[in-house]
Amino acid sequence: FQAPPLDCNDMEELMRFFWFQIESRPMTILQRILPARTANYGRYYIRHQSNRGLEFLAAFEGFVKEDGTPDVLMFLTRIGQGYMFSTTSIFGSTFRRYFKLLEDYNTLQNENARLNQEIVALREKSEQLKPLFDIQKLTFANLWRTIFPKKEYPQGVDSMSESDHLGYLRTVLSCLQPVICILESCLQNLSPGYSISKMFGYLIAIPQRKTSVLNLENFLSGFSSSITKTLRCRILSNNSIRMALRRISSCLMPTAEQIARESLERGISHSSICHVYSMYHYTGMMPCPKLVTTSRAQIKKHVQELLGLVETADGYRIPLERRLELHLMEYMEQQHVHLLDIKKLLTLLAFDGTRLGSSAQSNSSHCEFTLTCAAVFSRFVETLVRQQEDFLNSPLSLATFLLICMDDTIENVKRNFWEMYLQELIALIKDTTLDNGKILKAGLHFYRDPETNQLTCLGGRARTASSLEDVPEVVLPLEIYFKGDMKGFWNLVAMKGIRGTHCCLFCNISTSAKHEMFHIINVETEQSVSNFCAEVSIPVDCFWILNDGAAEGGSNIVQLCMFNRQTLSQADKAALRSSRSSNMLHAGQRVVVLKQDESFTRQHDMLNQCGLTCKSMILCMLHLKLRITSCFVKWFYKTATKMRLLQAVNRVLVTSGINYNLEGSSDRLPSLNGEQCDDMVEVALPRIVDVLINDSVLNNQFQFQEVFKIWSRILSTITKTHRNYFQPGEIESLQGRINSFVIKYVSLTGDKQMFSAIYFHMLSSGHVSDLFRHHMDVNELPLGLLSMSTNELRHKLRGRGAWRQAGAQANKNMKRDLAAAGLDKDNDDPEVIRQAAKRHRGLYTFINMACNQFVTGISILSFQPSNGSIIVLE
């Protein structure tokens, strides 16, 4: 019979072992091979006795005839046709299984070889990873080379690329995972009732060695620097993170009461606080502005009661004794000054009139009186001295105790200051006898607080005055000094100033004679010219400038500025010619020098009542600088006009960045402010001198440049605010340099209008150098440190802001304040209402300036006059 072709799967198997072409004849034959089964389906008979192999194989393979005998012929035929290689054949399937097993064996051998190669590679890798197993010796370089063997390792984690950074950190985490698991397990067992993170926080809080990972400082420092970027991305979306940060920030962020104190001290308005809150409220770390406002109101009310605000005729005041005691305790606390380090206390009373509004029509003229403390130390401690100098150089050192809501005229100062504070000043400076016969010593009285065991002067004088038995443990002596500008001083001591018969605060020279700065004296002993010049602090060249000018007589500026119109006789002139050649001065010889023989001789009635002298008035170096610089500007204007170079000079001012223009008449030039004055001295004036040099007008242009340099060096000395800024010999040479400047400037300008300022008289008469030497020798303070610059800055930073804030407060509370005063806005006279509103605004201005300055971010000292104790409001 014709057998069907072989199965296609069988052909594919054969193809794997026998490479026949599909189109070949053997392949065609093989496709038709399929053995047939006998009817008895596998039963066949073999004659055992014959033992014939082919019959056995044929029967074994299933080739059996119908009679049960092996069909050898068919078997052989099919063998020839390839039956033995088919899957139907027992031998063929066996062969196939053999070859399959052989193939699997070869495959396993190849896989085994591959696995052996991987084992070798892993062993090599494990050798490289051995340094990572010892975590204590694990280094950044080893870990980096392990992760990125083909890349050069960077200097640190922060310098990696983002992809390398992430891969590196993941590897680090996997290396530390066993340690982390151990730590988590320990923490969980130690604190079953707490979370692991909370217990970890407790461990961090315990002091550790600086090299420990649990050291709080190191942990927080590194944590904050590395987590910042992540926090910025997740703080708004993750409430847990936001709440955790809020708990941490509560240790650092100020409370509502602290913000209230700081904002009051620095004059920050409520609207500014609300504006800041609106920008950062999403963080949830700032207190609500309503809480801050409530705290501000409570603090203000407490401070007003504490300070004891009193209404005066034209303003408001605080008792000087109480204000001084409070300020001193604050000063000692902030500057960390111990009472035993203080030899005496200087109380500096500064006053200055200003217009707090932005326009002349604002009707906002005020005169503020402030005080500050400066200690003269019993021993030199550089840190204490430097801290005090920095303190005095700040407007925060000033404390308001009187505000006159009017101009600082003689009548207003007398009515509001002298009549209110004269007795207090006398009691502080002089020993006074009380009604009970007890002598109340001058100065501040210190008692020991029984609760804190600290010495305090709060209520000390009141305690001594009220009890016959109480004796202060320490009495701190004090001296009173006044600071102000020239106009303020004239009003303080009831002088009419430049319009009066006398205008100098320190000597008795008349106003008409303030230009008479030279006079003739007799030489007491025979000596050389250089020795005589050293005695009178005049350089030799300046001595001859004076005497040659006086000998010339006539219209020479030296002769025009001679005291009482003194003149040199012919004999005096001859003696001077002889002295020039011999360099010697004879006894009794008449020579011309600066008139400096009446320093500090002026008497002022108001000061005398307090036991003070004219030395108690500190001349302001800032205003002296302004006025003398204005003299230079006036001279430059006059010279430039004469030389027709005014436009060139104005161009210098423009290129120097100074908003100032020389125009009009010389006596009506615009006033300089502090910033313009500095720019003039440092930038513009040296350039203007170069523009104006011309032999036809300035015969001594080199000397004029020299005069300007001398003045610049004088300014450098008298405006210094720290003692360690002075160069060796700088203080000792000051008077000689001032005298040299005065003589050369007068002789070169040759015009009284060029030195008409009263401050020039202060220089020529020696008042400036004497005051400078007095405060350096006696009070150990540079004169530049005692200028009015801090008060001027206070007006700008605090005064104007306090006045504007007071306007809003007065408008808000107008109905209540008018009702308290018994007035009705709708029914009473508008002028009366206007005056009342002005006084109310003055009250709020005073509260903002006096109370806010007293509120500090550290504590508020309460005042109890009964026992003088200190209460700290936390």
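The values are calculated or read from the model by the stated rules, or taken from the named source; none is laboratory data. Everything quoted here is computed from the prediction, not taken from an experiment. With ideal geometry, Cβ positions are generated from the backbone for all residues, glycine too; neighbour counts draw on all protein chains shown. With ligands, DNA and RNA removed, areas are computed over all heavy atoms of the protein, side chains included. Shrake-Rupley method; radii C 1.70, N 1.55, O 1.52, S 1.80 Å.
Brief remarks follow.
- Gain upon complete extension [Arg234, Asp449; 0.36 nm per residue less C-alpha separation]: 72.1 nm
- What the Cα convex hull of the range 544-597 gives, in volume per residue, is 89 Å³.
- Aspartates and glutamates whose Cα lies under 12 Å from that of Lys100, excluding same-chain neighbours fewer than 8 positions away: Glu13
- Sorting the segments 397-410, 639-652, 730-743 by their mean number of nearby beta carbons within 10 angstrom, highest to lowest, gives 397-410, 730-743, 639-652.
- Note on surface exposure: Glu184, Glu424, Glu389 rank Glu184, Glu424, Glu389 by accessible area, highest first, 1.4 Å probe.
- Sequence-distant residues sharing a close amide H with Leu585 (under 5 Å, placed H): Gln527, Ser528, Val529
- By definition, a body whose alpha carbon gyration tensor gives a ≥ b ≥ c is prolate when a/c is 1.5 or more and a/b is larger than b/c, and the range 601-648 fits this prolate description.
- For Thr312, the residues 5 or more places off, or on other chains, whose built amide H falls under 5 Å of its own are Arg317.
- In Å², nearest 10: area of Arg834 left accessible to a 1.4 Å probe: 110 Å²
- Between Phe219 and Arg816, the simple label model (points 7 Å from Cα in the Cβ direction) yields a spacing of 5.0 nm.
- Backbone amide hydrogens, once placed in the peptide plane, bring Ala375 within less than 5 Å of Leu346, excluding anything fewer than 5 places away on its chain.
- Tensor-based shape of the range 206-340 (alpha-carbon gyration tensor, a/c under 1.5 rounded, otherwise prolate or oblate): oblate
- Hits among aspartates and glutamates - C-alpha to C-alpha of Lys125 under 20 Å, sequence gap 8 or more where chains match: Asp134, Glu152
- Within straight-line reach of Lys343, meaning a Cα separation under 21 Å, sit the following lysines at least 8 residues removed in sequence or on another chain: Lys430, Lys441, Lys615.
- The range 459-518: C-alpha gyration tensor shape, a/c 1.5 cut-off, then a/b vs b/c: prolate
- For Lys100, the accessible area of its heavy atoms, probed at 1.4 Å with every protein chain present, is near 90 square angstrom.
- Our estimate of slack between Glu382 and Asn608, defined as 0.36 nm per intervening residue step minus the Cα-Cα distance, is 77.8 nm.
- Solvent-accessible surface (1.4 angstrom probe) belonging to Ser769, in square angstrom, nearest 10: 10 Å²
- For the residue pairs Lys625/Lys720; Lys514/Lys752; Lys414/Lys483; Lys634/Lys709, the C-alpha atoms sit no more than 20 angstrom apart in every case.
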